[in-house]
Amino acid sequence: MALSSNSLLHFTKDFNSLKGILSQTFKVKYCREKIITKEKGIDILVPMVSFCDIPFSQVLTHVKSYKSYGIGLSKAWALKKGLTPVLYIEKQSSFGSTFFDSLFEKIQDEQSGIKKMGLNSKQLLDIVRYVKNYQGDLDRNVKKIKKNYRYSDEREWRYVLPPSHSCQFIGNCNSFGNNHKTIGILKENLNSTIAQEYLGFAPEDISYIIIRSEKERDKTIKAIRNIKDVHGQLLVSRIASRIISVEQIKGDY
């Protein structure tokens with residue numbers, strides 16, 4: 001069995017969100033990331049769209065942690081758009097202490113606060129935007145979904161806006177308990193500054209459309225037909241044939 005796929009999968013929370021992706025492509029948004037090393041850690045917001053590089057046979061394991069809606073795009077599309085796999089670090093590793101911590105220290109020391117950093121420093125910070133812990137607690141909003149979740153199993157790829165759109169520093173490891181409402185407002189404000197940033201794709205780039213149940217197949221096809229003008233020459237029958245439900249996956253894989 002292949003360890004990865006020829007497609008990258010993006011999962012979303014519900015049918016309306018999936019419909020939005022099909023009609024408008026991917027909207028780039030600031031996502032919260034906590035990166036912890038042996039002695040330190042940072043809490044940041046990164047402007048990105050994330051995907052996972054997993055074989056289709058592992059989709060069921062993934063939807064248990066996320067949601068039952070998603071879309072798969074070809075890896076050829078991903079390479080053309082400049083996506084790249086993230087760099088996973090184990091928080092107890094010497095690599096995390098010597099490389100990641102020292103890099104972030106250098107950025108902080110140069111100017112007090114990432115918000116006022118020059119382009120060179122933002123380019124250094126670009127490395128941090130592609131780093132993720134090998135393992136950690138999986139949270140959604142305030143709720144803890146899984147403890148010691150192995151993030152590396154996702155084989156994440158990311159599209160991140162250029163360094164001119166810096167990530168936002170929230171705090172260090174001691175400030176992870178920051179008010180979630182305040183951080184939510186901060187995310188909304190930052191997202192308003194990149195409201196026109198999208199990661200586009202064409203109909204032929206779509207490998208899969210994942211829905212929760214077979215009952216949603218007809219309304220998914222209807223949604224595709226209704227947005228054909230957005231994509232231009234959308235081949236409805238071809239895209240409809242790539243719809244697969246979680247129910248179907250459970251029976252066939």
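Filtering the range 179-225 to residues that are open to solvent by less than 30 Å² (accessible area, probe 1.4 Å) and of a type in the set (D, E, K, R) leaves ASP205, GLU216. Only one of the numbered conditions (1) more than 21 Å from ILE224 (Cβ to Cβ); (2) open to solvent by 70 Å² or more (accessible area, probe 1.4 Å); (3) part of a loop (DSSP other than H, G, I, E, B) is not met by SER5, and that is (2).
Residue by residue, here is whether (1) within 16 Å of the chain's Cα centre (by Cα); (2) open to solvent by less than 50 Å² (accessible area, probe 1.4 Å); (3) not small (Gly, Ala, Ser) holds:
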{"residue": "ILE44", "(1), (2), (3)": "yes, yes, yes"}
{"residue": "VAL49", "(1), (2), (3)": "yes, yes, yes"}
{"residue": "PHE56", "(1), (2), (3)": "no, yes, yes"}
{"residue": "LYS67", "(1), (2), (3)": "yes, no, yes"}
{"residue": "GLY72", "(1), (2), (3)": "yes, yes, no"}
{"residue": "LYS80", "(1), (2), (3)": "no, no, yes"}
{"residue": "LEU83", "(1), (2), (3)": "yes, yes, yes"}
{"residue": "ILE89", "(1), (2), (3)": "no, yes, yes"}
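Only helices (runs of 4 or more DSSP H) whose full extent lies in the range 153-253 are considered here, and the ones with at least 2 residues that are modelled with pLDDT of 90 or more and under 18 Å from the mean Cα position of the chain (by Cα) are 180-193. Identify all residues within the range 19-38 that are of a type in the set (Val, Ile, Thr) and either open to solvent by 30 Å² or more (accessible area, probe 1.4 Å) or touching a Gly at 6+ places or on another chain (Cβ under 8 Å) (or both); write none if there are none. Residues satisfying the conditions are THR25, ILE35, ILE36, THR37. In the range 64-76, the condition of being out of contact with any Leu (no Cβ under 7 Å at 6 or more places or on another chain) and over 23 Å from GLN135 (Cα atoms) is met by at least one residue. Considering the conditions (1) at pLDDT 95 or above; (2) touching a helix residue (DSSP H, G or I) at 6+ places or on another chain (Cβ under 8 Å); (3) not polar (S, T, N, Q), VAL86 is excluded by exactly one of them, (2). In the range 126-137, the residues that are in a loop (DSSP other than H, G, I, E, B) form Cβ pairs under 8 Å with partners that are aromatic (Phe, Trp, Tyr), at six or more places apart or across chains, as follows: TYR134/TYR88; TYR134/TYR151; GLN135/TYR149; GLN135/TYR151.
The values are calculated or read from the model by the stated rules, or taken from the named source; none is laboratory data. Keep in mind the model is a prediction, meaning the values are calculated, not measured. Glycine gets a Cβ as well: all are built from the backbone with ideal geometry, and neighbour counts include every protein chain shown. Only protein heavy atoms, including side chains, enter the accessible area calculation; ligands, DNA and RNA are left aside. Shrake-Rupley method; radii C 1.70, N 1.55, O 1.52, S 1.80 Å.
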